[in-house]
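Accompanying notes for the structure given below.
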Amino acid sequence: MNLNLRNAIIHNVSGNTQAQLEDTIVDAISTGEEKMLPGLGVLFEVIWNHSSEQDKQEMLSALEAGLKK
């Protein structure tokens with residue numbers, strides 16, 4: 001079976017409202033299960049690919065600050 005995980009994840013959340021997307025993200029983070037990491041990675045990829053250069057710099061600054069804690 002040839003399953004494209006990225007496409008499956010995108011298909012599962014396509015059409016979701018912002019509230020549903022937030023619930024998905026918060027749930028994935030709060031459970032702390034490693035099996036949720038690929039899904040979060042795909043969602044981050046979508047965010048990154050649809051962000052301006054300024055938004056990307058802000059995300060990188062937030063990431064850098066979060067990793068220094």
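Values as computed for the structure displayed
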{"item": "Scope the range 16-69; condition under 21 Å from residue 6 (Cα atoms) and among the acidic types (Asp, Glu); matching residues", "result": "22, 23, 27, 33, 34, 45"}
{"item": "Flag for residue 40 being of a type outside the set (D, E, K, R) and surrounded by 13 or more Cβ atoms within 10 Å (Cβ to Cβ)", "result": "yes"}
{"item": "Test for residue 41: is it small (Gly, Ala, Ser) and assigned to a helix (DSSP H, G or I)", "result": "yes"}
{"item": "Residue list for the range 51-69, filter: exposed (fewer than 12 other Cβ atoms within 10 Å of the Cβ) and either among the basic types (Lys, Arg) or within 19 Å of residue 8 (Cα to Cα) (or both)", "result": "68, 69"}
{"item": "Residues satisfying the stated conditions in the range 9-28, i.e. surrounded by fewer than 12 Cβ atoms within 10 Å (Cβ to Cβ) and either within 14 Å of the chain's Cα centre (by Cα) or assigned to a helix (DSSP H, G or I) (or both)", "result": "11, 14, 18, 19, 20, 22, 26, 27"}
{"item": "Unique residue being without any contact (Cβ under 8 Å) to a residue 24 or more places away in the chain, among the small types (Gly, Ala, Ser) and outside any helix (DSSP H, G or I) when the list is 51, 61", "result": "51"}
{"item": "Any pair with Cβ under 9 angstrom, 6 or more apart, that starts in the range 7-32 at a residue that is acidic (Asp, Glu) and ends at one that is exposed (fewer than 10 other Cβ atoms within 10 Å of the Cβ) and part of a helix (DSSP H, G or I)", "result": "none"}
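Read the figures in this text as sums done on the coordinates, not as results from a lab. On a predicted model such as this, the values are computed, not experimentally measured, just so you know. Using ideal geometry, Cβ is built from the backbone for each residue, glycine included, and neighbour counts are taken over all protein chains shown.
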